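**Student:** Okay, here's the structure, questions in a sec.
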Amino acid sequence: MKIKIAVWNIRNWIQLGLFVFTIGIGFQFYLFVKQSSGDGEITIARPAGVEGFLPIGALMAWKRFLLTGEWDTIHPAAMVILGFAVSISFLFKKSFCSWFCPVGTLSEWLWKTGERVIGKNFTIYKWIELPLRSVKYFLLFFFVYIIARMNSADIYAFLQSPYYKIADVKMLNFFIRMSPATVWVITGLIVGSIVIRNFWCRYLCPYGALMGIVSLFSLSRIIRNPKTCIQCSRCVEVCPSYLPVNLKNRIDTPECSGCMDCTNVCPVDKTLYFQNIFPKKIVWKTSVVGVSAILILAGSIYLAQITGRWQTHVSKQEFKKMRLMMIDSPELTHPTFPAQKQQRSD
Ligand code: SF4
Ligand code: SF4
C-alpha cells in the first residue's frame, strides 16, 4: 500500500509563514548592514528577529539572567526567542523544531522532495543510527560545558564585547561570504537532507537536542489506544524520526517533535492523539496547538517590546562605528576569559 505522506495543515502554513518571514528579516538585516557601512544616515531599522540565530549567546545571557536578574541589552531578542522555544517545547513536545524553526522547515522540505523525486528516503543501519543521533547531544554538551565554566562576570564581559555586539553581522557574513569549505559543508548537508529523512534535525542540531531534553518534561505526549489500533503503520511512515508509534502506547522519546503528522494520518478515530498529561488530560487539536503557539510567540514579543527587552541598546552610531572597522579586525574577534587565559599559561 502506498502511503500518502504530505498532510498540508496549519503546521505547514505556520512553517511556510515563518520561513518567508525569516528570509524577509534576513534581507532587511542585509540592507541595514550595507547601509551602515556607507557614509550616509542609517534609515533602515535593524530587525531584532535576526538574533534568533545567536542561540549560544542567548544561553549565556539566560545563565547570567538567572544568576543576577539582569537582562542582556546587546541581543535581548535572542533571549526572548530561546525562551519561547523552550516554553513551547515544554508545552507541546519539541514543537519549536517542527512548527517554527526555519532550518527544520527547510530540512523537512528537502526530505519530502527527495522522497517524491527518488521515491524514498534512505535509512541508516541501526548500529550507525544510534551513535549518529548522539552527535547533536555531544555538540550541545560541549557548549553547555563551556557556559557552565563561565561565571557571571565572564559572561558579562563576553556579552559586552565588540565581538558579540557584531556577532549577528558575522553570522550574516557566514552566509553571504562563504568560504569553499563552508560551501562544501552546506552542499553535503543539503544532499544528506534530500536522501535521509530529517538529517540535520535528527543527527546534528544542538538546538534541537536542547529542545528534546526540555521535551522530556513536556506536558504533552502522543498517545495510542492499542485496543483500536489496526496496525496499518501509517503513523510510522509519516514520522520524521521513524519512531515506532504503532508499537508504543505513549511516545516519551526526546526525538518526537510534536509535529502531529502521525495523529493526522491515523485512519481510526480516537486511536492516536496528542494529549496533555498534566494537570488535566486534554486532547490537542492541530489547530489549537498552532494558534496557542502563535499567541505565545506574539505575546512574548509584545511583552518584550513594551518592557524594553526586544531591541538592542547598541545605538545605530555605535553600530556604524564598529561596522566601519574591518569586520575581521582583532578588535572584533572572539574574546578570551580569565579561565581560558589561565589554562594557556599553565
Ligand atoms: S511521533 Fe508523531 S508527533 Fe512525534 S515526531 Fe513522529 S509523527 Fe511527529
Ligand atoms: S496510524 Fe493509527 S491505526 Fe495505524 S498503526 Fe498508527 S496508531 Fe495504529
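The values are calculated or read from the model by the stated rules, or taken from the named source; none is laboratory data. No experiment lies behind these values; they were computed from the predicted model shown. Every residue, glycine among them, receives a Cβ derived from its backbone with ideal geometry; neighbour counts consider all protein chains shown.
**Student:** Quick check: anything in region 210-219 away from ligand 2 (no atom under 16 Å from the Cβ), over 30 Å from LEU54 (Cα atoms) and not in a loop (DSSP other than H, G, I, E, B)?
**Tutor:** Looking through region 210-219, none of the residues is away from ligand 2 (no atom under 16 Å from the Cβ), over 30 Å from LEU54 (Cα atoms) and not in a loop (DSSP other than H, G, I, E, B).
**Student:** If you scan region 265-282, which residues turn out to be more than 9 Å from ligand 1 (Cβ to nearest atom) and either within 20 Å of CYS232 (Cα to Cα) or of a type in the set (Lys, Arg) (or both)?
**Tutor:** CYS266, PRO267, VAL268, ASP269, LYS270, THR271, TYR273, LYS280, LYS281
**Student:** Sticking with this structure for a sec: Going by the conditions given, is SER241 more than 16 Å from ligand 2 (Cβ to nearest atom), assigned to a loop (DSSP other than H, G, I, E, B) and not hydrophobic (A, V, I, L, M, F, W, C)?
**Tutor:** no
**Student:** Just to be sure I understand the filter: pairs with C-beta atoms under 9 Å, separated by 6 or more residues or on different chains, first member in region 210-234 and at negative phi and without any contact (Cβ under 8 Å) to a residue 12 or more places away in the chain, second member within 16 Å of ligand 2 (Cβ to nearest atom) and not aromatic (Phe, Trp, Tyr). Which pairs pass?
**Tutor:** Matching pairs, first to second residue: LYS227/THR271.
**Student:** Looking at region 20-66 only, could you name the residues that are among the acidic types (Asp, Glu) and at pLDDT below 95?
**Tutor:** If the condition is that a residue be among the acidic types (Asp, Glu) and at pLDDT below 95, then ASP39, GLU41 are the ones that fit.
**Student:** Can you give me the number of residues within region 92-135 that are crowded, with 16+ Cβ neighbours inside 10 Å, of a type outside the set (Lys, Arg) and either under 11 Å from the mean Cα position of the chain (by Cα) or closer than 22 Å to LEU16 by Cβ (or both)?
**Tutor:** 21
**Student:** I'd like the full set of residues that are part of a helix (DSSP H, G or I), basic (Lys, Arg) and within 24 Å of PHE96 (Cα to Cα), limited to region 165-202.
**Tutor:** Answer for region 165-202, where residues must be part of a helix (DSSP H, G or I), basic (Lys, Arg) and within 24 Å of PHE96 (Cα to Cα): just ARG202.
**Student:** If you go through region 195-204 one residue at a time, do you hit one that is surrounded by fewer than 23 Cβ atoms within 10 Å (Cβ to Cβ), away from ligand 1 (no atom under 16 Å from the Cβ), more than 16 Å from PHE143 (Cα to Cα) and in contact (Cβ under 8 Å) with a residue 60 or more places away in the chain?
**Tutor:** Yes, some residue in region 195-204 is surrounded by fewer than 23 Cβ atoms within 10 Å (Cβ to Cβ), away from ligand 1 (no atom under 16 Å from the Cβ), more than 16 Å from PHE143 (Cα to Cα) and in contact (Cβ under 8 Å) with a residue 60 or more places away in the chain.
**Student:** Continuing with this model, one more query. Report, by residue number, each residue of region 226-281 that is under 23 Å from ILE124 (Cβ atoms) and of a type in the set (Asp, Glu).
**Tutor:** Scanning region 226-281 gives GLU237, ASP252, GLU255, ASP261.
**Student:** Go through (1) of a type in the set (Ser, Thr, Tyr); (2) under 16 Å from the mean Cα position of the chain (by Cα); (3) surrounded by fewer than 19 Cβ atoms within 10 Å (Cβ to Cβ) for THR22 and report which single condition fails.
**Tutor:** The one condition THR22 does not meet is (3).
**Student:** Could you tell me whether PHE158 is away from ligand 2 (no atom under 14 Å from the Cβ), in a helix (DSSP H, G or I) and modelled with pLDDT under 95?
**Tutor:** For PHE158, the condition - away from ligand 2 (no atom under 14 Å from the Cβ), in a helix (DSSP H, G or I) and modelled with pLDDT under 95 - is not met.
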